[in-house]
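The block underneath contains the structure these notes are about, expressed in structure tokens.
The numbers here are math on the coordinates, done by the rules we state, and not lab data. For clarity, every value in this text was computed on a predicted model and none was experimentally measured. All Cβ positions, even for glycine, are placed from backbone atoms using ideal geometry, and neighbour counts span all protein chains on display.
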Amino acid sequence: MKLLGEKGVERLLSVVAFSAISALGLIAVFIFIEGLPFLFKYGIKDFLLSSDWRPDAGKFGIYPMIAASFWVMLGAMLIGAPLGIAGAIFLAEFVPKTVMNIIKPAIELLAAIPSVIYGFIGVVVLAPVIRDLFGGPGLSLLAGAIILGIMIMPTVISISIDSLLAVPVSFREGSLALGATKWQTVHMLTTKAAKSGIVASIILGMGRAIGETMAVIMVTGNSVMIPHSPLESVRTLTANIALEMSYAIGMHREALFATGVVLFIVIIILNSIASVAIRKKVIVK
Amino acid sequence: MEESKKVHDIIDIKNLDLYYGQFQALKSISMSIQHKMITALIGPSGCGKSTLLRSLNRMNDLIRGVRITGQVLLDGKDIYNSGMEITELRKTVGMVFQRPNPFPLSIYDNVVYGLRVAGVKSKSQLDEIMEWSLRSAWLWDQLKDKLHHPALQLPLDQQQRLCIARLLAVKPEVILMDEPCSALDPISTSKVEDLMHELKKDYTIVIVTHNMQQASRVSDYTAFYYIGNLIEYADTKKIFTAPGVKQTEDYISGRFG
Ligand SMILES: Nc1ncnc2c1ncn2[C@@H]1O[C@H](COP(=O)(O)OP(=O)(O)O)[C@@H](O)[C@H]1O
Ligand SMILES: [Mg+2]
């Protein structure tokens, strides 16, 4: 501190901040430089809508991966969002503050568990159960959806709790004073007032689900196929990049970068929607 | 006081003690609230006015660590008896808060909130009571064309009267008001006070106020509280012209508080 002085510290911090931001910016620029030319060379429509992914034959249709990412994400949301929201309502409204203050950080800690661990549990515990109960290979779209559903729950719970707790006590008091029960207050008022935050938590969860790679590679089986049943093996966009990047060259490599561009755009859109929703604190019906 | 009204108690408070943890906020309070009268609670900040008011519809139950002994009889029935339905109690004894707290919903949805809570579904019934409530709170003419606008966009005094309308919709017998005008300017305040006079025909009102002029303007009876004790409770006219206790006199003449 003494060495640099007030001004020096400030300058140092701004250099650090600036380099961090420019590094992120450079990554984005890099992905686009590597991926965009391919999109125009190969044709956006063929790239997105063809089901023919045979890099050795120069065929780069990522539709099966798009479908897989979409269905895995949707399944994860169907599992993770209701459970996460229910958990958030329970913790924010029906549990003493002291208990909530212990459980919430614990749940947030779940988000810090490396995804390879979730994948490991998926392979060892979940996939065999699915195979035994429903048949099929076990490593499947369903396994991916369940594991991702669990992985996004901390995000959904944590942001939903924050938005429920941000609803002023005066609203709740007003509702209770009109003879509402606690549960009526929650579903007629508090969740409505917290709607934007809850929606944001779901959208951020979607972003996580689409972006997740390692756990998905481990549990979905990775066949390049348009899924016709949740029990089939699928390969998501992220899994495809991770699995093939190490040996891809030429057009193949460019196609993977273009896949990255697609993911990048989808995630940016989801996150922008979420941040708009979060900023709009109280939604008025 | 109108002679035609038969004076009787609607609420009887008997030896009420209230503790927040170790701290005793109300000390053996006994007083009765007269039917269809306006009773004002006055006293310096922190003397327990809000606490007493909130113990009349059991809003204090929401605060952890509150302990209450004694009785509050509503029409002869102890509201702290385990047989008391709290939701029913709160519909009978409604509350208007210090800061207007309309819900972040439309004006219409605010007014019918309590009805929906009570399970009323019929649109025509909701519409009818909604219009009646807004009329009773003198809001119908201003708001009838924007019933589906957000309530939070109304000016503060309309918000407060909307909170009153929302309450009237559930047909309470008693209305508790905790400094209902403290967030309002003088003109809006006098509108709310006029409204209180009108409501007195049909409802019993208990109002906490910081403002002694307000107490003397609107109330029939006044209770003076000081550090958790009820010091004096009498006709408003008597309290403000010939108080029986020295402390009351000091307070209303502005020597402390
Ligand atoms: N939730 C609470 N927990 C602990 N003490 C409280 C609480 N609410 C009020 N008190 C205390 O009880 C006393 C009476 O408060 P209150 O009824 O709000 O007074 P008033 O409305 O007359 O200003 C004050 O000393 C206040 O600090
Ligand atoms: Mg008060």
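Quick one: which of A:K195/B:K123; B:K14/B:K77; A:K97/A:K192; B:K191/B:K237 span more than 19 angstrom between C-alpha atoms?
Numbers: A:K195/B:K123 25 Å; B:K14/B:K77 12 Å; A:K97/A:K192 21 Å; B:K191/B:K237 22 Å.
Cα-Cα > 19 Å for A:K195/B:K123; A:K97/A:K192; B:K191/B:K237; rest within.
For the peptide A:167-175, the mean number of other protein chain Cβ atoms found within 10 angstrom of a residue's Cβ is 5.
For segment B:62-178, pairs of C-alpha atoms spaced more than 16 angstrom apart make up 63 percent of the total. Quick one: go through segment B:158-198 and flag any residue whose amide nitrogen is under 14 Å from the point 7 Å out along the Cα-to-Cβ line of B:V120. In segment B:158-198, the label zone of B:V120 (backbone N under 14 Å from the point 7 Å along Cα→Cβ) covers B:165-173. Expressed in Å, the radius of gyration and Dmax of the Cα atoms of segment B:121-257 are 17.6, 57.
Using helices alone, I'd like the mean residue ellipticity at 222 nm for chain B: each DSSP H run of four-plus residues gives -39500 (n - 2.57), total over residue count, nearest 500. Walk me through the numbers before you get to the answer.
Numbers: 11 runs with 89 residues, N = 257.
The helix-only estimate for chain B comes to -9500 deg cm²/dmol at 222 nm.
Across the protein assembly as shown, Cα-Cα pairs more than 35 Å apart make up 54 percent of the total.
Candidate cross-link partners of A:K59 among the lysines, defined by an alpha-carbon separation under 18 Å and a same-chain spacing of 8 or more, comprise A:K41, A:K45. Taking only the Cα atoms of chain B, the radius of gyration and Dmax are 18.3, 57 Å.
For segment A:160-186, the residues whose amide N sits under 15 Å from a probe point set 7 Å from the Cα of B:I63 along the beta carbon direction are A:170, A:173.
Scattering from segment B:1-95 was approximated by placing one identical point on each alpha carbon and applying the Debye formula without solvent; log10 I(q)/I(0) at 0.11, 0.18, 0.22, 0.24 1/Å stands at -0.33, -0.86, -1.24, -1.43. Computed from Cα atoms, the angle from the helix B:156-168 axis to the main principal axis of chain B rounds to 90 degrees.
Work out the FRET efficiency for B:F23 and B:T241 from their Cβ-Cβ distance, taking R0 = 30 Å, and round it to the nearest 0.05. Write down the numbers at each step before the final one.
Details: r = 35 Å, r/R0 = 1.16.
Computed FRET efficiency for B:F23 and B:T241 comes out at 0.30.
Note on B:S82 and A:S170: with the Förster distance fixed at 30 Å, the Cβ-Cβ geometry gives a FRET efficiency of about 0.55.
Using a Gaussian network model of chain A in which every pair of alpha carbons under 10 angstrom is joined by a spring, one finds that among A:A111, A:A239, A:A177 the greatest mean-square fluctuation is at A:A177. Taking other C-beta atoms within 10 angstrom as a stand-in for reagent exposure, A:D132, B:D17 fall in the order A:D132, B:D17, fewest first.
Convex hull volume of the C-alpha atoms in segment A:49-279, normalised per residue: 134 Å³. Over all pairs of different C-alpha atoms, segment B:40-121 has a mean inverse distance whose reciprocal, the Kirkwood radius, equals 14.9 Å. Inter-chain neighbour count for A:177-190: the average number of beta-carbon atoms from partner chains within 10 Å of each residue's beta-carbon is 6. Rg and Dmax of segment A:1-153, both derived from C-alpha coordinates alone, stand at 23.0, 68 Å.
For the residue pairs B:K27/B:K49; A:K182/B:K91; B:K121/B:K171; B:K146/B:K201, alpha carbon separations beyond 20 Å are given by B:K146/B:K201.
Between 0 and 90 degrees, the angle of helix B:123-136 with respect to the longest Cα principal axis of chain B falls at about 50 degrees. Beyond 16 Å, the tail of the calculated P(r) for segment A:177-285 holds 70 percent of the Cα pairs.
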